[in-house]
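Have a look at the structure below before the remarks.
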Amino acid sequence: ADSLGVSSTTLGRMRVGLSEDGQCSTWPMRNGKGEIIGVRLTILPWNAQDSKKWSRRDSQNGLFASAEDFRCPIKKIQTLLITEGASDAAAAISLSLRAVGRASCHASTHPVRDYVERFRPTRILIFADNDSPGIQGGIRLARWLVDQPAVALTADEVKVVAPPPPHGDLRDWVKQGARASDLLAAPPIEMARIPKQTFFDFG
């Protein structure tokens, strides 16, 4: 928690653990129903230059999320942050924001859709890493999401945002003092338009 700049309570909520030899942190990946479908491992310490990440054998790419999200009664939420990676999701959750992390900037699209269908957020902020692959992956996800019927019915806006330079990702920005209000007010790189039917012919 100290090396990441997040709260230990958040890591507990996400069910982050240690490998048996104590050399790696373990991060469960969940599907849109909250079921664990994979585990991501990271060599400790987190900030080491040679730190490596990989998924446990037979893992599927899913969402890094708080286990408590799926234990509460299902109800519509206001704002959902979709981050790139586990530690960014932990940073957002530490600020008491509703957030899930993707396994990479191009992964976990179907679990994201299933989560959105389950909790029906009004506003979706896709937080990309501040680099070209991250931004392009965020834009691709936003454009794909607004074409999903269930998302179009529930969400009013889907925005792609990124932390301001020189911050490379959301966690770095939070570690340097960003607050929840800063994240929610981040200017959009792209706003995906959700098609709305405004004319009805009952003839």
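Brief remarks follow.
- Rolling a 1.4 angstrom probe over the protein heavy atoms with all chains in place gives the chain an accessible area of 51 Å² per residue.
- FRET efficiency, 1/(1 + (r/R0)^6) with R0 25 Å, evaluated for residue 132 and residue 154 via beta carbons: 0.25
- Split the accessible area of segment 1-157 by element, probe 1.4 Å, and carbon with sulfur accounts for 48%.
- Span from the segment 64-106 Cα centroid across to the segment 112-156 one, whole angstrom: 13 Å
- Proximity of backbone amide H atoms, modeled 1.01 Å from N, is registered between residue 15 and 67 at under 5 Å, excluding neighbours fewer than 5 places apart on the same chain.
- Between amide H atoms placed 1.01 Å from N, distances below 5 Å from residue 190 occur with 160, all of them 5 or more places distant or on a separate chain.
- The local environment of residue 4, defined by Cβ-Cβ distances under 11 Å, has a net charge of -1 under the rule Lys, Arg +1 and Asp, Glu -1.
- Of all beta bridges that DSSP places with both ends in the chain, some 55 percent have antiparallel geometry.
- Translational D in µm²/s for segment 1-84 (Stokes-Einstein at 37 °C, 0.692 mPa s, Kirkwood Rh from C-alpha pairs): 235 µm²/s
- Net charge contributed by nearby residues that have their C-beta within less than 11 Å of residue 29 (K/R +1, D/E -1): +4
- Put simply, the convex hull of the Cα atoms in segment 48-202 casts, on average, a shadow of 11.2 nm².
The values are calculated or read from the model by the stated rules, or taken from the named source; none is laboratory data. Quick caveat: nothing in here was measured; it's all calculated off a predicted structure. Glycine also receives a Cβ, built like all others from the backbone with ideal geometry; neighbour counts cover every protein chain displayed. The area values use the complete protein model at the heavy-atom level, side chains included, leaving out ligands, DNA and RNA. Shrake-Rupley method; radii C 1.70, N 1.55, O 1.52, S 1.80 Å.
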